[in-house]
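What follows is a short report on a single structure.
The values are calculated or read from the model by the stated rules, or taken from the named source; none is laboratory data. If you're wondering where the values come from, they're calculated on a predicted model, not measured in any experiment. Cβ placement follows ideal geometry from the backbone for every residue including glycine, while neighbour counts extend to all protein chains displayed. For accessibility, only protein heavy atoms count, side chains too; no ligands or nucleic acids. Shrake-Rupley method; radii C 1.70, N 1.55, O 1.52, S 1.80 Å.
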Amino acid sequence: MEADSPASPGAPEPLAEGAGGEFYSLLRRIKGKLFTWNILKTIALGQMLSLCICGTAITSQYLAERYKVNTPMLQSFINYCLLFLIYTMMLAFRSGSDNLLVILKRKWWKYILLGLADVEANYMIVRAYQYTTLTSVQLLDCFGIPVLMALSWFILYARYRVIHFIAVAVCLLGVGTMVGADILAGREDNSGSDVLIGDILVLLGASLYAISNVCEEYIVKKLSRQEFLGMVGLFGTIISGIQLPAVCGICPVYVLPL
C-alpha cells in the first residue's frame, strides 16, 4: 500500500492562497486607483467647499431669524464685486483673444444669461431662509443634481450608469418627502404657505444653480477659469447692482403705491 503524498492533505491550500492573493491584489488595485493625489485633492477641495456653503447657510439663517436682517441680494452683490475687482480686472489687462473687450464682442449675450441665472440662484436660495428651515434648504438643494445630470446629458454629452439613475430617483423621492413633511409641519403652526414658498424658492434656485454649474464646467474645460470668473463677476455685479435697490424698496417704482 502506497503512502499518502505529503502534499495531498494540503491540496486545498494552494487554491486558498491563490484566492487570497487575488483578493489582496484587487485591494491593491482599488487602493491605487482611489488614493491618488488627484482624487484626494478633489475630495479635500469638495469638503472645503461644502464647509463654506454650510457656513453661508448658517449665517444667513442666523441673520434672518435672530436679527431679522434679510439682505439676500446684498450678500451676492458683495461676492460679485470681489470677483469683478480681481478676475475682471485680470481680463481687462490681458491681450489677444483673452482680452475683456474681445470676449464681450463675441459672447456678451451668453454671459448675460449666465450671470442672470447665477444671480437669481443665489438670491432665491438666500431668500428661502426667511420662509423655511436650514435643514429644508440644504436637503432640497439636492434637487439640482437631477437637473444638472439632465443638462449634462444634452450639453456636455455625459453618459451615466444605472446606479446614477437610481440615485437620482432616490433624490427626487427625498425631495418630495421633504416638501410634504414641511407642508404638514407648517400646518401645525399655521405657516404652511410660507414654508411652501421657501421650498419652491429652493427648488427654483437649485435648478438655476444647475444651469450655472453646467455652463461653468463647459467654460472652465473649453476656455479658462479666469474667463468664467471674470465674466460672472462683471455681469453678476451689474445685474445684482440693478436688482439691489429694487428688492430693498429703494427704487421709486417699488415705493409708489399701485
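Structural size metrics of the stretch 41-189, computed from C-alpha coordinates, are Rg and Dmax of 19.1, 62 Å. Sorting Lys105, Lys222, Lys110 on solvent-accessible area from highest to lowest, probe radius 1.4 Å, gives Lys105, Lys222, Lys110. How charged is the neighbourhood of Leu234? Take every other residue with its Cβ under 13 Å from the Cβ of Leu234, and add Lys/Arg as +1 and Asp/Glu as -1. Charge balance near Leu234 sits at 0. Accessible area of Glu65 (1.4 Å probe, protein heavy atoms only, ligands and nucleic acids ignored): about 120 Å².
Among Val175, Val247, the sequence by solvent-accessible area, most first, with a 1.4 Å probe is Val247, Val175.
Of Met178, Met73, the residue with the largest accessible area leads and the full order is Met178, Met73 (1.4 Å probe). The stretch between Leu51 and Lys221 holds 58.7 nm of extra length on full extension. This uses 0.36 nm per residue minus the Cα-Cα distance.
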